[in-house]
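Participant: Just dropping this structure here.
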Amino acid sequence: MATGVAANLVLLPGDGVGPEVMAEAVKALEAIGRRFGHRFVTETALIGGAACDAYGVPLRDEDIRRCRAADGVLLGAVGGPQWDGVERGLRPEAALLRLRKSLRLFANLRPASVMPALIDACPLRPEKVRGVDLLVVRELTGGIYFGRPSRRWQNRRGGAALDTMIYREPEIERVGRLAFELARSRRGLVTSVDKANVLQTSRLWRQTIDRIAADYPDVTLEHVLVDAMAMHLIRTPARFDVVVTENLFGDILTDEASVLAGSIGMLPSASLGAANRKRGDRRFGLYEPIHGSAPDIAGQGKANPAGMILSAAMLLRTTLGLDEEATAVEQAVEATVASGVRTPDIATGVAASTAEFGDAVVTAILSA
Ligand code: IPM
Ligand code: MN
């Protein structure tokens, strides 16, 4: 066994089911620490509505600094109906966007694969979903999420609103290059998704991707329009490998892709920035499940913590370089699901609670 590592992690449980799923990810990390001799030092900070209630802002500057100083960050979820009315800069979602932007996490990796045991949890026919193993690389700090101006106003005819979708070539290039590099270690296919028949930003996107593709002759590139992609993702999901797209399209398509995995509660994500030489091979990242705060089931022990636990696995692999440990977590989650211990979203018989699922994952990690 390699010598143990010590890692400093910031935990941002957030709102709704966030704290419940976070607790299970922490249990899994502790089990990994025990089995492999690593030490994970964690500190917890508030984000989203929880921070709004406590401090009057959804994210404090000092907490951004704590995140930046850590090796990596785990985040649960933000938002809830009780904060829907607040002014937009104070919305819980604004905190998450600000965190991604200030940590320069321009690429959001969202793998979607289907565990054999969950093929029947997917509403598509089994022969369609078998073998699905795709990775969406979503641009995360540009596009319509961040473009200025963005405002609302009133005129004589009623309300009006404006959002700006803007991309600059370097923003497309860096996420595009990452997609090509990732495809090299997978099946060698990049599907770039845009709306180049309508949008200027998409025409720039396509041109830029085409230009950099020349540097990756070993990778196959195809362009697909986003509306058609929404259809192909359901009709022929197994043919895709790496899918790269802009921020809003990626947000929408990954919710769609989550259906393939049986439940949105299953899917993890990693938000990454440029590799930083000062950190050596530790690549900073923010890891979060793709599901939201699910206020309707919060506090009831019904949330599926798999996406959060699998996000911790991505942290182990990508930020800490602990491949064997990451695989151990993934295998434990898969074994747990296969054994029939399942939260209500994927249960076939009596459902397990969030904590029972987490306990079963811990047992599987320690008994492997
Ligand atoms: C996601 C979420 C966020 C997004 C929201 C909460 C700001 O939907 O991570 O997919 O739109 O990026
Ligand atoms: Mn989303």
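Participant: I want to confirm something. Restricting to the range 112-153 and keeping residues that are among the β-branched types (V, I, T) and within 16 Å of ligand 2 (Cβ to nearest atom), which single residue is most open to solvent (accessible area, probe 1.4 Å)? Steps first, answer last, please.
Facilitator: Filtering the range 112-153 down to residues among the β-branched types (V, I, T) leaves 114, 119, 129, 132, 136-137, 141, 144.
Retained after the next criterion (residues that are within 16 Å of ligand 2 (Cβ to nearest atom)): 136-137, 141, 144.
Numbers: V136: 7, V137: 0, T141: 6, I144: 54 Å².
My answer is I144.
Participant: So which residues in the range 330-347 are more than 19 Å from the chain's Cα centre (by Cα) and either among the aliphatic types (A, V, I, L, M) or surrounded by 22 or more Cβ atoms within 10 Å (Cβ to Cβ) (or both)?
Facilitator: A332, A335, T336, V337, A338, V341, R342, T343, I346, A347
Participant: If I filter the range 233-246 for residues that are under 16 Å from L75 (Cβ atoms), of a type in the set (A, V, I, L, M), open to solvent by less than 30 Å² (accessible area, probe 1.4 Å) and within 16 Å of ligand 1 (Cβ to nearest atom), do I get at least one hit? Working first, answer last.
Facilitator: Step one: of the range 233-246, the residues under 16 Å from L75 (Cβ atoms) are none.
No.
Participant: Do we have any residue at all in the range 177-189 that's within 15 Å of G143 (Cα to Cα) and of a type outside the set (S, T, N, Q)?
Facilitator: Taking the range 177-189 first, the residues within 15 Å of G143 (Cα to Cα) are none.
No, there is no match, as no residue in the range 177-189 is within 15 Å of G143 (Cα to Cα) and of a type outside the set (S, T, N, Q).
Participant: Which residues, counting only those in the range 312-368, are within 29 Å of D71 (Cα to Cα) and basic (K, R)?
Facilitator: R317
Participant: Going through the range 86-111 one residue at a time, which ones are in a loop (DSSP other than H, G, I, E, B) and either away from ligand 2 (no atom under 16 Å from the Cβ) or modelled with pLDDT under 95 (or both)?
Facilitator: Result: V86, E87, R91, L103, R104, F106.
Participant: Here is a list of conditions, (1) within 16 Å of ligand 1 (Cβ to nearest atom); (2) in contact (Cβ under 8 Å) with a residue 60 or more places away in the chain; (3) assigned to a helix (DSSP H, G or I), and I252 meets all of them except one; can you say which number that is?
Facilitator: Result: I252 fails condition (2) only.
Participant: Given the options T191, T201, name the one that is closer than 21 Å to G147 by Cα, hydroxyl-bearing (S, T, Y) and surrounded by 15 or more Cβ atoms within 10 Å (Cβ to Cβ). Don't jump to the end; show me each part of the working.
Facilitator: Working: T191 fails: closer than 21 Å to G147 by Cα.
Residue meeting the stated conditions: T201.
Participant: Follow-up question, since we're still on this one. Restricting the search to the range 284-300, which residues are open to solvent by 20 Å² or more (accessible area, probe 1.4 Å) and more than 16 Å from ligand 2 (Cβ to nearest atom)?
Facilitator: Hits for the range 284-300 are F284, D296, I297, A298, G299, Q300.
Participant: Okay, next question. Taking the options T318, T327, name whichever one is open to solvent by 30 Å² or more (accessible area, probe 1.4 Å), over 24 Å from D359 (Cα atoms) and β-branched (V, I, T). Write out each step before concluding.
Facilitator: Numbers: T327 fails: over 24 Å from D359 (Cα atoms).
After ruling out the rest, the residue left standing is T318.
Participant: Only one residue in A275, A179, A213 is among the aliphatic types (A, V, I, L, M), more than 26 Å from L124 (Cα to Cα), under 19 Å from the mean Cα position of the chain (by Cα) and surrounded by fewer than 22 Cβ atoms within 10 Å (Cβ to Cβ). Which one? Even if it seems obvious, please write down each step before you answer.
Facilitator: Numbers: A179 fails: surrounded by fewer than 22 Cβ atoms within 10 Å (Cβ to Cβ); A213 fails: under 19 Å from the mean Cα position of the chain (by Cα).
None of the other options fit; the residue is A275.
Participant: Determine which single condition R130 fails, assuming it passes every other condition in (1) within 14 Å of ligand 1 (Cβ to nearest atom); (2) in contact (Cβ under 8 Å) with a residue 24 or more places away in the chain.
Facilitator: Here R130 clears every test but (1).
Participant: Looking for something surrounded by fewer than 23 Cβ atoms within 10 Å (Cβ to Cβ) and in contact with a strand residue (DSSP E or B) (Cβ under 7 Å, 6 or more places away or on another chain) - is there at least one such residue anywhere in the range 44-61?
Facilitator: Looking for residues that are surrounded by fewer than 23 Cβ atoms within 10 Å (Cβ to Cβ) and in contact with a strand residue (DSSP E or B) (Cβ under 7 Å, 6 or more places away or on another chain), one finds at least one in the range 44-61, hence yes.
The values are calculated or read from the model by the stated rules, or taken from the named source; none is laboratory data. Bear in mind the structure is a predicted one, so any value in this text is a computation, not a measurement. No Cβ is skipped: glycine too gets one built from the backbone with ideal geometry, and neighbour counts run over all protein chains shown. To get the accessible areas, we keep the full protein, side chains included, count just its heavy atoms, and leave off ligands, DNA and RNA. Shrake-Rupley method; radii C 1.70, N 1.55, O 1.52, S 1.80 Å.
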